[in-house]
Structures are given as C-alpha cells and as structure tokens.
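Notes for the one structure printed next.
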Amino acid sequence: MLRSPPVSRALIVHRSEVALGELRDILRGRVECDLARGSAEAIGRFADADYDVVVLDHRPPDSDATEMLRATAAAAPDAIVILMTPGREAAERIEEQADARVFRFLGGPDQRWQLPGIVAEGLRLRRIERERRELVQKLSADHARLQRREKLLDAVVRERTKDLEAAYVDLKAANRQALLGLAQAIEAKDPYTKGHCARVAEHTLTLAAACGYPAEEMENLEYASFLHDIGKIGIKDAVLLKPSALEPCEWEHMRQHPVVGDAIASQIEMLKPMRPAIRNHHERWDGTGYPDGMKGHDIPLAARIVCIADAFDAMITDRPYKRAIPYPECLNFLRRGAGRQFDPELVEFFCRERIGEGLD
Ligand SMILES: [Fe+2]
C-alpha cells in the first residue's frame, strides 16, 4: 500500500491578523500553516513543531524581521525562508545582518499570489538537496565500508602470503633433503666415492660462478651436480665395485649410467631440469664422449661444467686403484684436456679461479 508523502508545515509571521488569514488561504492545500503575530510568538512555536517553510513579513520601521530570521536559522536551519518586504535593498541588509539565507524575497501584497509556486519550488529544491546529502552520506559510508574490507583483505593476503612463503621454504628444504638423500643412495652403493657428490657440487658452483652462470638456475645446477651419477644405481655391483680394470663389456655396461640416470630423472618432476647434466656429463668437447657423441657447444653448458668438476674431483681424491694427484698437476691435466675432453673456455675459468684461491 502506497503511503502519502508527509504534509509540509509552514509558519507564517505577520503583525496583521487579516494578512495572516489571507496568507493561510493562499497556501491552503499545499502546506499546513501555523500563524504567529510577532517574533516572540513565532520563536515559541519553534519549540513545538518542525517547520519546512517560514514566511516572514518585514514592515519598517518597527520590524523585527532580522531577529526573526536569526531565530529561524538557529531553530529550523533547513526551513525555506520567504521574506515579504517592499524594498529589495532592505531585504538584503536584513539577510546580511542576520547572517542567514533567505530563499526568496516577495514584494507587496499584490505579489502574494506567487507564494504557492515559490513554496512548491523551495520544497522541491529542499527535497533534492536532502536526497543529495543522503546520497553523499551513503556513498561515504559505502566508501568507508569498502576501505575496511580492503584493509581486511590486505591483512588476509599478507597473512596467507606469509604462510605460503613459510610453506615454500619448508617444501624447498624437504626437496633438498630428498635430493641429497638420493645422492647419498648413489654413494652408499660405491663407498669409495663417499663425499664425491658434495665435492663435485662445490667445484661445479665455483666454476659456474666464475663463468657467469645464470643465478636463478644455480640451485638446479647444484642439484644436478649432486645427482649427475644417479644412473649408477642401475649399474651392477660387480661392475661398479670391481677393484681392477673393467673388461670391454663391463665398460659398455658402466657407460650406460648417464642413460639410466636420464631415464630415472625423466620420471621425477623435480629432476627433469637436471636431465642435461645427468645425461651428458660424459660427453667430450671433441665429440668422442658418450652417450650421444655431442660436440663443442652442442653439449649442454650444465653438462660441460659438471664434466670438469667431476674429472677434477676424481683427480684430487684417492681411489682404490690410484692415489690423489697434486693440485698443479690436476690443473695441468685439465688444461691439456681443453679442446679435446673439456670446454677450453670453462677450463680456463676454472683454473684461474683455483689459482686465485692459491690451490694450484
Ligand atoms: Fe658419471
């Protein structure tokens, strides 16, 4: 059921009883009117009712319109004030003295017929102004609510990011443990190579840093160097642990370890980036290596680096079938192999780095 809009209420202030009656008749049906014969009576009425419209009469010399206008501004600041006055200049002076706004000035009694139209226009403008204020209030409340929600979301995102970062660190640590565990499994098969994987990783990182290997790929390269011989898991113990020289067929079996390692790595997601180093670390610069007979820069860079690190560690450590070779000889051996077994540029980087460390 539709509700009729609230009836607007007007206060008409005039010294003349007759004028009050006329003005009420003019406004009948448009607003409900209260009448007051002077400012004292009018001010008293403000205590009892809220007025939407106040019509004031100003008749010099004994007019109290200024006081009345001031009182209206204090008691009904939103009311539409219409000032009936014979002189426009006097009306503006009153407005200035009262420091209050008059909606419209109206001349003598002959202009009173305009009053309904002025009141209607004033009420319409006031309604629009109220709607505008409500809209501004609503928008500012919505804005504040959105800001609160945004802050809350920020806090949640920060918290989740922190959790994810912590989980990522944990996951990386778990991955590292798993990969190092695999490396230990390789060494467990061949106790004579104990510590070999870790040392190859150390030489690999030294050479990689010296030759400007991409920093973001350094961690993968480190793991690849740890696991380059993972394929030895698939080599028969009789061959892997044989203390004497291998027969040709045994060598053939041993030479399968890069391919076996590659096959293992291809099945494990986190090992896939390491496949080139695992499969090709026994390729030779001159193309006579295995398993793919790659040559020069066709050999993946990670494999060329691990190849040098692997050979260097084999030279500097004792094995059952040979004694460790002194550093200077190792470096000379690497240099002699540059361009044949090893990438010559990488050999130079490595030797300079080791000489710089005072190890040659
Ligand atoms: Fe190997």
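Any read-out appearing in this document is the output of simple, stated calculations on the displayed coordinates, not a laboratory observation. Since the structure is predicted, the reported quantities are computational estimates derived from the model, not experimental observations. Cβ coordinates were reconstructed from backbone atoms using ideal geometry, including for glycine residues, and neighbour counts include every protein chain displayed.
Full extension of the segment from residue 209 to residue 59, taken as 0.36 nm per residue of separation minus the current Cα-Cα distance, would add 44.1 nm.
Please give the residues of the range 110-134, grouped as numeric ranges, whose backbone N is less than 11 Å from a label point set 7 Å along the Cα-to-Cβ vector of residue 78. Counting only backbone N, you get 126-134.
Database remark: amide H of residue 106 closer than 5 angstrom to the amide H of 83, 84, 85 (H placed geometrically; neighbours at sequence offset of 5 or more, or on other chains; Pro and chain starts carry no H).
You can think of it this way: the chain between residue 353 and residue 16 has 110.1 nm of extra reach, that is 0.36 nm per residue less the Cα-Cα gap. Between 177, 111, 147, the Gaussian network model of the chain with springs among Cα atoms under 10 angstrom shows the greatest mean-square fluctuation at 111.
Size descriptors for the range 159-231: radius of gyration and Dmax over Cα atoms are 14.7, 49 Å. Considering only 235, 85, 327, and ranking their Cα positions along the charge dipole of the chain that arises from unit charges at the beta-carbon of Lys, Arg, Asp and Glu, the one farthest toward the positive end is 235. For residue 198, the shell of other residues with beta-carbons less than 11 Å away shows a net charge of -2, using +1 for Lys and Arg and -1 for Asp and Glu. FRET efficiency for the residue 268 to residue 142 pair, using the beta carbon distance and R₀ = 51 Å, is estimated at 0.45. Per-residue ellipticity at 222 nm computed for the chain from its helices equals -19000 deg cm²/dmol, with DSSP H segments shorter than 4 residues left out and the rest contributing -39,500 (n - 2.57).
Applying Stokes-Einstein at 37 °C and 0.692 mPa s to the Kirkwood radius of the chain, computed over alpha-carbon pairs, gives a translational diffusion coefficient of 114 µm² s⁻¹. Relative intensity of the range 190-356 on a log10 scale, I(q)/I(0) at q = 0.18 Å⁻¹, equals -1.21, per a Debye sum over C-alpha point scatterers of equal strength in the absence of solvent.
Dipole magnitude for the chain: computed about the Cα centre from +1 point charges on Lys and Arg Cβ and -1 point charges on Asp and Glu Cβ, it is near 540 debye. Each principal axis of the Cα cloud of the range 132-274 was taken in turn, and the coordinate range along them, longest first, works out to 97, 32, 21 Å.
Computing Rg and the Kirkwood Rh from the Cα coordinates of the range 1-146 gives a ratio, Rg/Rh, of 1.03.
Each Lys and Arg Cβ is given +1 and each Asp and Glu Cβ -1; about its Cα centre, the range 9-132 then shows a dipole of about 380 debye. Here the gap between residue 254 and residue 216, fully extended at 0.36 nm per residue and compared with their Cα-Cα distance, gives a gain of 10.4 nm.
Normalised by the residues of the range 9-132, what does the relative contact order come to in percent, with Cα pairs under 8 Å and at least six apart? Here the relative contact order equals 23 percent. The relative contact order of the chain comes to 10 percent, based on Cα pairs under 8 Å that sit 6 or more residues apart. Within the chain, DSSP assigns beta bridges of which about 5% are antiparallel (rounded to the nearest 5). If R0 is 22 Å, the Cβ-Cβ spacing of residue 329 and residue 286 corresponds to a FRET efficiency of close to 0.50. When the Cα gyration tensor is reduced to axis lengths a ≥ b ≥ c, the ratio a/c is 1.5 or higher for the range 237-295, and with a/b not above b/c it is classed as oblate. As a calculated quantity, the FRET efficiency between residue 131 and residue 99 at R0 = 30 Å, using C-beta atoms, amounts to about 0.65. Dipole of the range 9-132 computed with +1 at Lys/Arg Cβ and -1 at Asp/Glu Cβ about the Cα centre; of 69, 116, 94, farthest Cα towards the positive end is 116. For the chain, lysine pairs separated by 8 or more sequence positions, or belonging to different chains, with Cα-Cα distances below 19 Å total 13. Listed by number, the DSSP H helices of the chain that run 20 Å or longer by alpha-carbon position along their axis and have mean Kyte hydropathy of at least 1.6 are 301-316.
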